[in-house]
């Protein structure tokens, strides 16, 4: 069960952000960029144009540590459990973002909603479906943070 | 960029399903089960109870191949690009499911919406937030399939 497996990038992010500190969690919703899928995987993009939104699984390649308790940027106190946050400093360092798919040119996807830095390794792309859309949700400690921000 | 990294399970799925063929993509939305987080990561679950929905990242551990073009169960023809589907036979074999979090007992999460078999390795758990909830979506080739099913 606990054996390790190898994963590797299927593509790379093109983003205006050079530094994670430049990425604002709310403003990045409007940030445009690209997902370049390596040519050997391009065939796997067939039919993706029909989807308005896609999941991008990517690697927090700049994080070198794991914090089981973490201080979120938007509200550093009290510390939260890592699995109740989207912090980079997590086991396996895998990130998840829903982006709007604007268009595709061969192996390049043009998207809106980038919250990654330029050069980020992409691990997978999946269609966002009706099952992923949950209408009545509660968001725990984030609720207070988002009320303050908006 | 293309170097490999190691990932390993942080927990394991407890599910009534023993065989992937028993999992119906629509009915599994109501299937209950557990996510057992290994004790060494339990501290990372602090504050997760506040969230009604969580993402589970897990490994398609039964799939040993990659199909860039794939025949989805619900509509086998024509073949679709793997990144326009949620098929197991994909690069890196990482899966994603949104589940309803019912309760937590120490390192065990009780959830609804299992579409994994018993014993599936869990790679990460993340809170589902407002940003993940997209209201107007189009779902490409899946649209026709879902209309037929419902």
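Every number here is computed from the coordinates shown, using simple stated rules; none is lab data. Since we're looking at a predicted model, the values are computed, not measured. Every residue, glycine as well, gets a Cβ built from its backbone with ideal geometry; the counts of neighbours run over all protein chains shown.
Remarks
- Largest GNM mean-square fluctuation across B:67, B:22, B:132, computed for chain B with C-alpha springs under 10 Å, falls on B:132.
- In plain terms, the residue of B:58, A:141 with the fewest other Cβ atoms within 10 Å comes first and the most crowded comes last, giving A:141, B:58.
- Two-site label geometry, residue B:38 and residue B:136: point separation in nm, points 7 Å out along Cα→Cβ: 4.6
- Quotient of C-alpha Rg and 2.2 N^0.38 Å, computed over segment A:11-149: 1.10
- When chain B is treated as a Gaussian network with alpha carbon springs shorter than 10 Å, the biggest mean-square fluctuation among B:124, B:47, B:115 belongs to B:47.
- Relative to one another, the C-alpha centroids of segment B:1-67 and segment A:5-58 are positioned 23 Å apart.
- Global size of segment B:72-125 as Cα Rg and Dmax, reported in angstrom: 14.4, 46
- Gain upon complete extension [residue B:110, residue B:75; 0.36 nm per residue less C-alpha separation]: 9.4 nm
- Note on chain B: GNM, Cα springs under 10 Å; of B:108, B:48, B:137, the largest mean-square fluctuation is that of B:137.
- Percent antiparallel among DSSP beta bridges (both partners in the protein assembly as shown, rounded to 5): 100
- Fully extended contour minus Cα-Cα distance, from residue B:26 to residue B:102, at 0.36 nm per residue: 25.4 nm
- Bins of 10 Å, starting at 0 and running to the largest distance - Cα pair percent for the protein assembly as shown: 6, 28, 39, 23, 3, 0
- From least to most packed, judged by other beta carbons within 10 angstrom and beginning with the fewest, B:70, A:129 follow the order A:129, B:70.
- Listing B:102, B:68, B:57 from fewest to most neighbouring C-beta atoms within 10 Å gives B:102, B:68, B:57.
- Mean ellipticity per residue at 222 nm, deg cm²/dmol - from DSSP H runs of n ≥ 4 across the protein assembly as shown, formula -39500 (n - 2.57): -1500 deg cm²/dmol
- Chain A: relative contact order as a whole-number percent, Cα under 8 Å and 6+ apart: 37
- Length added when fully stretched, residue A:6-residue A:66, from 0.36 nm per residue minus Cα-Cα: 19.7 nm
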